[in-house]
Amino acid sequence: MRIVFLLLLCIPGLCNAAAQDLAIVDAKVYPSPEAKAVKHATILIRGGKITAVGEHVVIPHGVATLPCTGCIVVAGFWNTHVHFTEAKWVDAAHQPAEKLAQQLREMLTLSGFTTVVDTASIPDNTVALRRRIESGEVMGPRIYTAGAGLFPPHSLPYYVKDMPPEVLAQLPQPNTPAEAAAAVQKNIAAGADIVKLFTGSIVAPGNIVPMPLAIATAAAATGHEHGQLVFAHPSNLAGTRVAMESGVDVLAHSPEELDGIDDALLHQMVARHMAIIPTLKLFSRDSNIAQIRSVVFKFRQFGGQLMFGTDTGFLTDYSVTEEYRQLALAGLTFRDVLAMLTTNPAERFHVSKEKGQVAIGMAGDLTVLSTDPATDSLAFTQVRYAIRGGKVIASKP
Ligand SMILES: [Zn+2]
């Protein structure tokens, strides 16, 4: 197996077209969060897309095989809340490719993430990183980025204030709706795919400043005009209300201050088709973590959509174990969590026809586990391979 696998490892710069055909053999497959598992299945990927899944798949001559007895295969995971803001990403345009690939493995792909959503960073830098990944030079996940997040006037969060002055100067704090629209346009011109608003900015512990509704509304409308999703960091009731009323699509965190976050409000959010990324690890040491979990579970019960995300990059400890542990404590089943990792974000990003399931015609984006999530809520941490478009982009020895 080791010999076969070595043949699949790409040499950066040379592997782009070469390894997009792959057969994963004798695995247990969960085709989707709802579907029954298929045992002893072979998944055939040709030209980066899945062309066959099942027990009796014939592997064409010359296609590399990945023997996978005992593996569990699911669609490639999404992490819908990350940041490329640590110093090690600076000058991504010129850093050695293998250094970037190693950093991507440590932060993301070794945890199974084949698609990530960067919910605020320095746009030119993240776009340069993405360009090098998409060219095949750097092995990494598909990146969607918000570019620069928008903050309320004169209200940067306390936890960004240690950033270098030249970085702080680039953080938009629009004073008017017109300035907000212009800030969104600037991000779009730089290559951003989504909008990120700090509708509740934590300027000091215990002091949350909401974004003025007119500013949030103008920013969200500009994003929507360009077909973009709008994410918000809500923090508390006021920030959640601004998000709801301005037309935000996704809360990038559960609210963390829960005064006034009641069932009626959660029902209103569901009625507006909003999604929540719980980021429970971030709050796991807060005294009200049990209440935050309960808000997340109720939102799901009321029909709301949850997406998986960890705030990795802001959190510099990349372990995802605590997030999965908290989601299980919240009462979510492994099928709920699998939907958060796959079909829910694919649907939200309008790519359900290409991503989120292990099925014919879908992209060959797969996460391969060594433990079955049906029997262990932490199995999603046991990643053996991350495969993107038929290429193994991360593997655990
Ligand atoms: Zn974040």
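The values are calculated or read from the model by the stated rules, or taken from the named source; none is laboratory data. Remember, it's a predicted structure, so these values are computed and weren't measured experimentally. Here the Cβ is made from the backbone with ideal geometry for all residues, glycine too, and neighbour counts use every protein chain on show. The area values use the complete protein model at the heavy-atom level, side chains included, leaving out ligands, DNA and RNA. Shrake-Rupley method; radii C 1.70, N 1.55, O 1.52, S 1.80 Å.
Quick notes
- Based on the convex hull around the alpha carbon atoms, the range 19-68 presents an average projected area of 3.4 nm².
- Ordered from highest to lowest accessible area with the whole protein assembly present and a 1.4 Å probe, 196, 396, 28 read as 396, 28, 196.
- Taking other residues whose beta carbon is less than 12 angstrom from the beta carbon of residue 130, and scoring Lys, Arg as +1 and Asp, Glu as -1, yields -2.
- Three-way shape label, the range 238-378, alpha-carbon gyration tensor, a/c 1.5: oblate
- Relative to the dominant Cα principal axis of the chain, helix 213-225 is inclined by about 30°.
- Mean-position separation - Cα centroids, the range 307-367 and the range 218-287, in angstrom: 18 Å
- The packing ranking of peptides 137-145, 166-174, highest mean first, is 137-145, 166-174, where packing means the average number of other beta carbon atoms within 10 angstrom of each residue.
- From its DSSP helices (H runs of at least four residues, each -39,500 (n - 2.57)), the chain gives a residue-normalised ellipticity at 222 nm of -8500 deg cm²/dmol.
- Lys/Arg +1, Asp/Glu -1 at C-beta; the chain dipole; positive extreme among 35, 250, 160: 35
- For the range 138-215, a/c is not less than 1.5, where a ≥ b ≥ c are the root eigenvalues of the C-alpha gyration tensor, and a/b does not top b/c. That puts it in the oblate class.
- Cα long-axis angle, helix 289-301 against the chain (0 to 90 degrees, to the nearest 10): 70 degrees
- The local environment of residue 230, defined by Cβ-Cβ distances under 9 Å, has a net charge of 0 under the rule Lys, Arg +1 and Asp, Glu -1.
- Net charge in the neighbourhood of residue 185 (other residues with Cβ under 11 Å of its Cβ; Lys, Arg +1, Asp, Glu -1) is -1.
- Its Cα centre serving as origin, the chain has a Cβ charge dipole (Lys and Arg +1, Asp and Glu -1) of approximately 940 debye.
- Ranked by how many other beta carbons lie within 10 Å on average, peptides 104-117, 223-236 from highest: 104-117, 223-236
- Residues of type lysines that residue 99 reaches as a straight line, Cα spacing below 20 Å, ignoring anything fewer than 8 places off in the same chain: 88, 391, 396
- 0 to 90° range, to nearest 10: angle between helix 97-107 axis and the chain longest Cα axis: 70 degrees
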